[in-house]
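One structure is given below, encoded as structure tokens.
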Amino acid sequence: MQFELEDWQVSATESLRRYLSAEVAPIVEAYEDEHRLPPPEVIRKMHDFGLLGGLLKQADGGAGLDYVTYCTLLAELSRVWPSLRSIITVSNLALMILAERGTDAQRQRYLNALVKGEKLAFFALTEPNVGSDASHVETRAVETDDGWLLNGRKLYISNGPAADLGIVFARTGEKNGRPAVSALIVEKGMPGFTSVRVRSMGMNCCPLGELLFDDVLVPKENLVGERGAAFEIAKHYLNLGRCFVSFVCLGLSQAAFDAAVRYAGERHQFGRPIGQFQLVQQMIADMMTWLETSRLLSYRAAAALDRQHADGARYCSMAKRHNSEAVLRVCETALQVHGGAGYTRDFPVERFYRDARHLTIAEGTNQIQALLLAQSVLGLSALRG
Ligand SMILES: Cc1cc2nc3c(=O)[nH]c(=O)nc-3n(C[C@H](O)[C@H](O)[C@H](O)COP(=O)(O)OP(=O)(O)OC[C@H]3O[C@@H](n4cnc5c(N)ncnc54)[C@H](O)[C@@H]3O)c2cc1C
């Protein structure tokens, strides 16, 4: 069993790290304070490192990366700027849907600008009344002679207020007594489509929003995949999203751990560095162990996706659930190592905690992951049949 990355994967990660530390790290705090969208050139640069579209085939403008490589890069980005990574992964997920499930015309129309980071996209499933019970969306699209008439609301949509277009999951009928869900491409500027920003606890630079659709006429050709079959699409890409989230947790855990180790060496009390006290050492040891279990589970999930392992979904759920809880413990402990300084805006650990807090919720809450995991061995579902 091999636990090392290949040389080319290490060098791709180092090259991203060099760029992030030279060009990005110095601007993060100021942008976070001002809740600003990252500079367009930084977003576009993510394409050069494979973070936008990198998983796509070269014919589609991608780099043909495997999941292990893509996710390693993602963890590196998460270490430096979680808001930027959220913007990038959400847009990347939407562009993957278009590349893999879209028509040739849709790919031609939208893909190039999304892959290059010239445009951003959203993925809109959640609604005010529909969160964990995601298959029961209430937003409706009715087919008319002129196109799909879309009405409803979506909530907590990352990139929502800033994106140029996105994929909206809407109910287009019923099938076997269950909602038939279809995916539609909706563009900014379509009459009747508006968005408002939702204020959140962290990730200040990734705009979270509510989307409102009031008789939006969406062209017929904007249907992605088969009519009524889009919940399967949502589930497939949410599963990939869970693997990505597990690496986001890994990157953030690494950042918080590194900050704690640094501080434990620099801060003196009782005439000694605090890192010399056994109780501080215990905190460091705990963080190291949570970090390492996170690393093992997230790479297990990415490797399972690369090998199309039959249990891939299970590994993604497990990694997402474990790592999103571990990152909170790591950030919390790193904050404790900093003492009062950790509670201030003068050190980044309080932001790490805020930026990590949503990870047990987004991409399917950890309670839902627990139910999916138990169902996968028991064969019994706690959810709707
Ligand atoms: C920062 C952030 C970004 C997001 N980005 C997006 C996005 O880009 N696109 C998108 O579509 N959505 C997005 N979401 C929404 C996210 O997917 C939902 O918040 C999540 O699925 C939970 O839904 P909910 O908030 O409605 O909670 P609810 O489903 O109302 O759950 C509330 C609580 O009840 C628990 N619960 C619910 N049902 C059960 C059950 N059967 N058994 C046990 N416990 C249960 C949940 O675990 C949770 O603790 C984002 C959320 C956040 C916080």
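Please treat every number below as a calculation from the coordinates, not as lab data. Since the structure is predicted, the reported quantities are computational estimates derived from the model, not experimental observations. Glycine gets a Cβ as well: all are built from the backbone with ideal geometry, and neighbour counts include every protein chain shown.
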So what's the projected area for the range 7-115, the Cα convex hull averaged over all directions, in nm²?
6.7
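Give the order of S83, S11 when sorted by the count of other beta carbons within 10 angstrom, beginning with the fewest. If you can, show how the numbers build up before the last one.
On the way: S83 23, S11 11.
Lowest count first: S11, S83.
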If you plug each phi of the range 326-331 into the Karplus form 6.51 cos²θ - 1.76 cosθ + 1.60 with θ = phi - 60°, what whole-Hz ³J(HN,Hα) values come out, in order, with x for Gly and Pro?
5, 5, 5, 5, 5, 5
Karplus couplings for the range 274-284 from phi (6.51 cos²θ - 1.76 cosθ + 1.60, θ = phi - 60°), rounded to Hz, Gly and Pro as x?
4, x, 7, 7, 5, 6, 6, 4, 5, 4, 5
Phi-based couplings in Hz for the range 211-222 (Karplus 6.51, -1.76, 1.60; Gly and Pro marked x)
10, 10, 10, 10, 6, 7, 8, 9, x, 4, 6, 8
Calculate, in nm to one decimal, what K116 and R36 gain on full extension: separation in residues at 0.36 nm each, minus their alpha carbon distance.
26.8 nm
If the reach is capped at under 26 angstrom between alpha carbons, list the lysines near K175, excluding any in the same chain fewer than eight residues apart.
K154, K220, K235
Relative contact order for the chain using alpha-carbon pairs under 8 Å, separation at least 6, rounded to a whole percent?
14
Can you give the local net charge around I361? Use residues other than it whose beta-carbon is closer than 14 angstrom to its beta-carbon, Lys and Arg +1, Asp and Glu -1.
+2
What net charge is computed for the residues neighbouring E210, neighbours being all others with C-beta under 10 Å from the C-beta of E210, Lys and Arg scored +1, Asp and Glu -1?
+2
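Determine the sum of side-chain charges near M190: Lys and Arg each +1, Asp and Glu each -1, restricted to other residues whose C-beta is under 12 angstrom from that of M190.
Result for the neighbourhood of M190: -3.
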Quick check on the exposure proxy: order L5, L279 from fewest to most C-beta atoms within 10 angstrom.
L279, L5
Using only the Cα atoms of the chain, each taken as one equal point scatterer with no solvent, compute I(q) by the Debye sum, divide by I(0), and report log10 of the ratio at q = 0.09, 0.14 Å⁻¹.
-0.52, -1.24
Kindly list the residues of the range 294-333 that lie in the label zone of K57, defined by a backbone N under 14 Å from the point 7 Å along the Cα-to-C-beta vector.
none
Dipole of the chain, positive direction: furthest Cα of T289, Y31, Y70, with charges on the beta-carbon:
T289
I'd like the distance separating the alpha-carbon centroids of the range 332-385 and the range 211-226, in whole Å.
33
Under 5 Å between amide hydrogens, which residues at least 5 positions from W148 or on another chain qualify, with H placed 1.01 Å from N in the peptide plane?
V218, K220
Report relative contact order for the range 30-108 in percent, whole number only (criteria: Cα-Cα under 8 Å, sequence separation at least 6).
24
